[in-house]
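Let me begin by presenting the structure, written as structure tokens, before commenting on it.
The values are calculated or read from the model by the stated rules, or taken from the named source; none is laboratory data. Owing to the predicted nature of the structure, the values given are computational and were not obtained by experimental measurement. A quick note on method: Cβ atoms are made from the backbone with ideal geometry, for glycine too, and the neighbour counts reach across all protein chains shown. Heads up: the accessible areas ignore ligands, DNA and RNA and are worked out on the full protein's heavy atoms, side chains in. Shrake-Rupley method; radii C 1.70, N 1.55, O 1.52, S 1.80 Å.
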Amino acid sequence: MNKLIILLTFFAPLALFGASMENAAALYTSGDYDGCVKEYNEILDGGMESATLYYNLGNAHFRLGQMAQAILNYERALKLDPANADIKHNLEFAKEKTIDKIDAPETIFLERWWNDIVNLATADVWAYWSVGLFALFIAALLCYIFSRTLWLRKSGFAIAVTSLFFTIITFVFAYQQNAVKENSSYAIIFAPTVTIKSTPDVSGTDLFILHEGTKVQVIEAAGSWVEIITEDGSKGWLNAEAIEII
């Protein structure tokens, strides 16, 4: 009886999650985008999340013409599944619908190359690879230590060194991906227009204006104000109510 209760406790939320996702997808297909958004938000309120959920929620907001909400959810989906080409495409398409066209400065080739490799998989996938490679390292090391055959010792040593190297690399990839996933310093502007100030006060000098859907990084907070920096390096202060953290 206890085992049955444990199984139900584990699988019931998953079954409910699947049913809710199907219902939301049906609402989307029928054109009821408002109902679809409501259904997906109820799933999120229940503590469940996934890249697919955020992606589909972003699509529903996009259909409603709500670009800030669409971009926010595409960004959240991309944090969970950084290699997903569909998410990247729809995010860029939604950004084209916003007013502000802010381009980040070009990064050097090695940095782009490194980030492209890191983004080939999620933090969990890199972690699984790291554990598997470490297990291979242990097995190869034991082969090197205990084998009496010369070629097995040489092979064990070579495999141990190689697997240890890639264990470290994949661990670094997993750590970096997890850091991106847990990073809550980026946000999306939700106010139609917001004036960026030189100080955290309404009396501060007006620096520039940002519009709905623009991505910014939050640097520091001061009461109800936050200092932000745009992708092109412009800094200033705005009221925290104008943004939504990714």
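When only C-alpha pairs under 8 Å and at least 6 residues apart count, what is the relative contact order of the chain, in percent?
Relative contact order of the chain: 15 percent.
Once the Cα atoms are used to define both axes, helix 2-29 deviates from the longest principal axis of the chain by about 50 degrees.
If you take the alpha carbon radius of gyration of the stretch 47-125 and divide it by 2.2 N^0.38 Å, what ratio comes out, to two decimals? It would help to have the intermediate numbers written out before the result.
On the way: Rg = 13.6 Å, N = 79, 2.2 N^0.38 = 11.6 Å.
Taking the Cα Rg and dividing by 2.2 N^0.38 Å, one obtains 1.18.
A Förster radius of 45 Å combined with the Cβ-Cβ distance from Trp151 to Ala179 puts the calculated FRET efficiency at roughly 0.60.
So, with a 1.4 angstrom probe, what is the percent of accessible area on the chain that is carbon and sulfur?
Details: 9180 of 14850 Å².
Whole-percent figure for carbon plus sulfur exposure: 62.
The equivalent ellipsoid that matches the C-alpha gyration tensor of the stretch 140-195 spans semi-axes of 50, 7, 5 angstrom, in descending order. With K and R counted +1 and D and E -1, the other residues having a Cβ less than 14 Å from that of Ala160 yield a net charge of +2.
Total lysine pairs in the stretch 93-246 at Cα distances under 27 Å, for residues eight or more apart or on different chains: 17.
If you build the convex hull over the alpha carbons only and average its shadow over all orientations, what do you get for the chain? Give it in nm² to one decimal. Provide the component values of the computation, followed by the final result.
Numbers: hull surface 80.3 nm².
That works out to 20.1 nm².
A 1.4 Å probe run over the stretch 32-182, with the rest of the protein chains in place, finds 61 Å² accessible per residue.
Given contacts defined as C-alpha pairs under 8 Å and at least six residues apart, what's the relative contact order of the stretch 128-246, whole-number percent?
Details: 188 pairs, mean separation 24.6, N = 119.
Relative contact order here is 21 percent.
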